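Below is one structure, written out as structure tokens, with a few remarks after it.
The values are calculated or read from the model by the stated rules, or taken from the named source; none is laboratory data. Nothing here was measured: the structure is a model prediction, and the numbers come from that model. Here the Cβ positions follow ideal geometry from the backbone for every residue, glycine too, while neighbour counts run over all protein chains shown. We work out accessible area using only protein heavy atoms, side chains counted, and drop any ligands, DNA or RNA first. Shrake-Rupley method; radii C 1.70, N 1.55, O 1.52, S 1.80 Å.
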Amino acid sequence: VVYEYNATSPGRFVAIDADGVLQEVGYAINPMLSIAGWAGQYWAQQARQGSRPHGVTSSVPIMTKQAFGGVAMVNLSSLPLSGGARTRLAIETQLQCPGAWNVECGIWDHMATLAVQCPGHGAYTIGGGFEAGGSFAELARYATPYRLGVGNWVTDITPLAPLLSRSVCKFQLDMVGWAEKSWVWTVTLRAAAEPHATSGGLPFQSVPLFSNNEPVVRQTFDRSYNVGRKLTFEVPSETVKVELYALISGHGEDSTGCCEFLPTRHTFNINGHEFAVEFMEPSDMYGCARPDMGVEPNGYGAWWFGRNGWCPGQRVRPIVIDVSAALLAPGARLGENVASYAGKMWNATASAWMDPCAESGYIIMASHLAFYQQGEAMVGRA
């Protein structure tokens, strides 16, 4: 094996995958044979994932090879939104370059958000103030890779089923304007049977908790970030299970180091029960070298550095936590309940969490509570 490396021009590499197909490996911007191993891990992950989720019973195309700048009006009347205890919903997203080669892709990593608005739901601030995302209408969030055009991600959105209805709904992809033409997207909404599912199936109702876009955009992770993050809500009497669903990612960089490459902690307090999420990956130089988890490897940039809740060339992985113990335990109130949220940033000097004090670093976040009942439950509006 002869491995040649030119620091001024890493060039392009190709390899044959397990199916005998010639594939671009990416860019050898570092002189490591790991690039071949990372590519193999990614192809293996894609093969395991397959082109369709297991047990698919219904598929609705949302967008097919579409660039940004448009809105898709989609009829969801065929979607089984009364799927009972054996149905799950997922968004499958495929990313491509406008041309045939990676070099024709956008060079920088940017966030893209997929949002939905069905009849009966209010309008939300989809784009946010910086990178896209953070709306209550957000179904999925993605980070584009550094000049790579092979992306295929499946995101389970079952807890967000109440955002949908069997009617004509508006779907919209959004990202920063100067990067829109660098990518081509194919998005499909799928319903799949889940033979081993327990009670719950699709949630019959949800409550929006906290968003950094509504009622006003407030994404900067500064000293005022945690102010006013408290609300009350009711739990429907027929509820047997409650899940917290959140999409959280940190971005930007200032003199505090926040927030792309600084760990953060996010705590949701429900009736005195704390549920915390910590993103420590920014402390790991190879925190994003996870092609086995769907990260597109060997991008034309420092794709392997750990980041705050996301990686270039990967979907933002939803946070899903069963919070039933805080709401449905014996003696719990079915009336008014209290929820609050607070973020912390990592102080590396003290090795401890501290209140946020960023100057311009920011957090993109949206969260919901999903309520499940026993047996079948109609979701949304017919």
| Lysine pairs in the chain 8 or more apart or on different chains: how many have alpha carbons under 25 angstrom apart? | 5
| task | Under a 10 Å cutoff between Cα atoms, tell me which one of GLY361, GLY99, GLY313 has the largest fluctuation in the Gaussian network model of the chain. | result | GLY99
| query | In whole percent, what relative contact order does the chain give with Cα contacts below 8 Å and a gap of six or more residues? | reply | 24 percent
| On average, how much accessible surface per residue is there in the stretch 138-233, in Å², for a 1.4 Å probe, leaving out ligands, DNA and RNA? | 35 Å²
| note | Across VAL338, VAL74, VAL21, the residue with the highest GNM fluctuation in the chain (Cα network, 10 Å cutoff) is VAL21
| task | Specify the residue with the greatest mean-square fluctuation among TYR286, TYR362, TYR225, computed from a Gaussian network of the chain linking alpha-carbon atoms under 10 Å apart. | result | TYR286
| message | If you fit an axis through the alpha-carbon atoms of helix 34-49 and take the longest principal axis of the Cα set of the chain, what angle between them do you get, 0 to 90°, nearest 10? | response | 40 degrees
| remark: From the Cα centre of the stretch 86-138 to that of the stretch 246-278, the distance in Å is 21 Å
| Cα-based shape type of the stretch 239-343, given that a ≥ b ≥ c are square roots of the gyration tensor eigenvalues and the cut on a/c is 1.5 | prolate
| message | Cβ neighbours within 10 Å, averaged per peptide: list 319-330, 234-245 in order, most packed at the top. | response | 234-245, 319-330
| said: Could you order the peptides 249-262, 26-39 from most to least packed, using the average number of other C-beta atoms within 10 Å per residue? | reply: 249-262, 26-39
| message | Accessible area of the chain with a 1.4 Å probe: how many percent of it is carbon plus sulfur? | response | 52 percent
| said: What does the C-alpha gyration tensor say about the overall shape of the chain? Classify as rounded when a/c is under 1.5, otherwise prolate if a/b is larger than b/c, or oblate. | reply: oblate
| Using 1/(1 + (r/R0)^6) with R0 = 30 angstrom and r between the beta carbons of ALA44 and TRP108, what's the FRET efficiency to the nearest 0.05? | 0.65
| How far apart, in nm, are the 7 Å Cα→Cβ label points at ARG229 and ALA302? | 2.7 nm
| task | For every other residue with a beta carbon closer than 11 angstrom to the beta carbon of GLY301, add +1 if it is Lys or Arg and -1 if Asp or Glu, then tell me the sum. | result | 0
| task | Before rounding to the nearest 500, sum -39500 (n - 2.57) across all DSSP H runs of length at least 4 in the chain and divide by the residue total; then give [θ] at 222 nm in deg cm²/dmol. | result | -1500 deg cm²/dmol
